[in-house]
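Notes for the one structure printed next.
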């Protein structure tokens, strides 16, 4: 039986080695990997850079940026707008009903 009146046990020590993060160096390494030069990135990071390059995306200042997709986005937005307008015409106006009754009147004579 021990008394700890005068002696306190030592706290456990941890083997923590801090890692230092250098964003400029990491950005440079990603650019090197994207160009196909030798870089210090791991294989998984090289694969991520290669996939982003293949999909037409890049990272500038920490933000994901699509390259060359503005025409594609414009085309999709025009198609979406036209289809939304057609759905509005068909379901929320009497245009289709008037067209069908006019067609039936012409066909009946």
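The values are calculated or read from the model by the stated rules, or taken from the named source; none is laboratory data. On a predicted model such as this, the values are computed, not experimentally measured, just so you know. FYI the Cβ positions are ideal-geometry reconstructions off the backbone, even for glycines, and counts take in every protein chain you see.
Inside segment 1-25, residues that are surrounded by 10 or more Cβ atoms within 10 Å (Cβ to Cβ) and modelled with pLDDT of 80 or more make up a count of 0. When 63, 50 are checked against the criterion of being under 21 Å from the mean Cα position of the chain (by Cα) and either loosely packed, with under 10 Cβ neighbours inside 10 Å or at pLDDT 80 or above (or both), 63 stands alone in meeting it.
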